[in-house]
């Protein structure tokens, strides 16, 4: 416990700006479960955020609740979106597989644990290998995805399309090979199979590639959302579903948990919906002018700092 | 003029249902400029609506204002969306090229007449041959479209992308070869070229193919709309832009003009926005339960009939 902590709490509707070394030290005292968005926080595309690796190492050393093994492992959760262990390894970011929570993983868990599809039922996937892997790991049968049959820019005709009556859900994530055939098939299932569920891994409008922003998973599912005229069940941020998945697995204490992210309308909203504290960094989507001045967002994080690298000052 | 005409007017917020032979005859007396949506009115995909050809012939015979040549030609306007003369010919529907107003045509006119891009400026196209032809005819320079370079499902990287600073607008229509490369390039122009306009030919959520509904032009532009977080300039129905284009060309009298369509939120709204009368047919998107009962739409056409074929009763 820390005497100064009272001053560190955010005033309602106003973020506390972190700057002094003691500010960062106090956050480490207060929170022992740290959840990170990755793109825009730890890295930008293929570029590490300056100091990110060092700070993660510092956090691992300082947070006494953290254990590498045993029942309380995973108190430090990394939460990713369509990114995988290889990305961490590639960038030299230390992370254990069971510390990584992706919206693809949460989606698979949602389908297997909440939807509980009967054995003969399956899902139609608009998405990439990562999503397929998670579905397979959770025992969810699927079609579509990276199936070469659907990887085509040839014109799609319903005349030769056979509706599979066992498709009980359409799951849509980021898919950089999305095309009219996939969208049309998904649309058929959603409109013609009674009760077919429309599920999206997350609603990110964009994602930061190493060389700039590109359309995100939310943009990939937008045609279906528009054609159907209805919103999907969204698993990832800002929906609470993924946090429920993490809670079920690691049993964190919301009062001692903080979510670190770069986006107000996904990461910060996600943390707030889950009743945990929130820290905004400015190395990703959100810029200074989004949080200050007359046009500032109504979504107010508890804390703001320029970069996760700022935590190096606690050394 | 017809003595019964008074009884034919729709009561505000209630459509007049046409059924007797005299109902149809009265409509012909009252309106001499007829605008038709095609998909869902004259045909459904590749299937003609029963009696459509016959009725168009009847209308051509009876409407005295109509001339095949001279200054008042084209009083009878057919207005299509991404369909072309060949479709009319293929189905045996008599129509002259200058009677066909497509949203692609109106889009090209909008760019050449309203935007008036400087000579060196061009547009980036997400769309098919029809849109390219209209742009070419209006002297609008473009890139993208059916260019084989963009017809790819390979992963797109910004690293090798060269932003063309002369792209001053992105134009998006129905494109069944839409892919991540096209969406990503369009997104770059819209976010990185200052003042770059976002224009869509129309906002149809779906279109009726011969074998069922498929995602429409509005669904193709939905990823950009979502990623940008802003609405495009929409040219086709329900926007008034296309009607302004037609008005500029044929100088119709709104009081003697009727729009026939199958969709409330595009065709009927389009007619109402343009101050012309509206007739809903039930051979397309809108069904009986959309216009009656407690969940009826707030968009109320002046007249309703089951099918354009009903006009055969005036023979």
Residue pairs within 7 Å by beta carbon, gap of at least six or interchain, first lying in segment B:108-127 and assigned by TED's automatic domain parsing to the domain that holds residue B:202 and on the phi < 0 side of the Ramachandran plot, second surrounded by fewer than 18 Cβ atoms within 10 Å (Cβ to Cβ) and in a helix (DSSP H, G or I), listed first then second, are B:108/B:137
Evaluate segment B:151-171: report whether one residue or more is in contact with a strand residue (DSSP E or B) (Cβ under 7 Å, 6 or more places away or on another chain), away from chain A (no Cβ under 11 Å), in contact (Cβ under 8 Å) with a residue 24 or more places away in the chain and within 26 Å of residue A:158 (Cβ to Cβ).
no
Residue count for segment B:233-286, restricted to those that are surrounded by 20 or more Cβ atoms within 10 Å (Cβ to Cβ) and free of Cβ contacts under 8 Å to residues at least 40 places away in the same chain
11
Given the options A:227, A:222, name the one that is at the interface with chain B (Cβ under 8 Å from one of its Cβ atoms), touching a strand residue (DSSP E or B) at 6+ places or on another chain (Cβ under 6 Å) and more than 27 Å from residue A:118 (Cβ to Cβ).
A:227
On the given criteria, is residue B:95 outside the structural domain of residue B:250 (by TED's automatic domain parsing), more than 26 Å from residue A:213 (Cβ to Cβ) and not in a helix (DSSP H, G or I)?
yes
Could you list all residues from segment B:189-203 that are facing chain A (nearest Cβ under 9 Å) and buried (at least 23 other Cβ atoms within 10 Å of the Cβ)?
B:203
Look through segment A:204-219, keep the residues that are crowded, with 19+ Cβ neighbours inside 10 Å, in contact with a helix residue (DSSP H, G or I) (Cβ under 6 Å, 6 or more places away or on another chain) and touching a residue at least 24 places away in the same chain (Cβ under 8 Å), and return whichever of them is farthest from the other protein chains (Cβ to nearest Cβ).
A:204
Among the residues of segment B:119-131, which ones are touching a strand residue (DSSP E or B) at 6+ places or on another chain (Cβ under 8 Å) and either at pLDDT below 95 or within 14 Å of chain A (Cβ to nearest Cβ) (or both)?
B:126, B:127, B:130, B:131
So how many residues does segment B:239-258 have that are in contact with a helix residue (DSSP H, G or I) (Cβ under 8 Å, 6 or more places away or on another chain) and over 17 Å from residue B:105 (Cβ atoms)?
2
Residue count for segment A:230-245, restricted to those that are more than 14 Å from every other protein chain (Cβ to nearest Cβ) and more than 14 Å from residue A:267 (Cβ to Cβ)
5
Checked segment B:179-188 for anything in contact with a strand residue (DSSP E or B) (Cβ under 6 Å, 6 or more places away or on another chain) and facing chain A (nearest Cβ under 7 Å); matches are B:183, B:184, B:187
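The values are calculated or read from the model by the stated rules, or taken from the named source; none is laboratory data. Everything numeric here is computed off the predicted structure, so don't read it as measured data. Cβ coordinates were reconstructed from backbone atoms using ideal geometry, including for glycine residues, and neighbour counts include every protein chain displayed.
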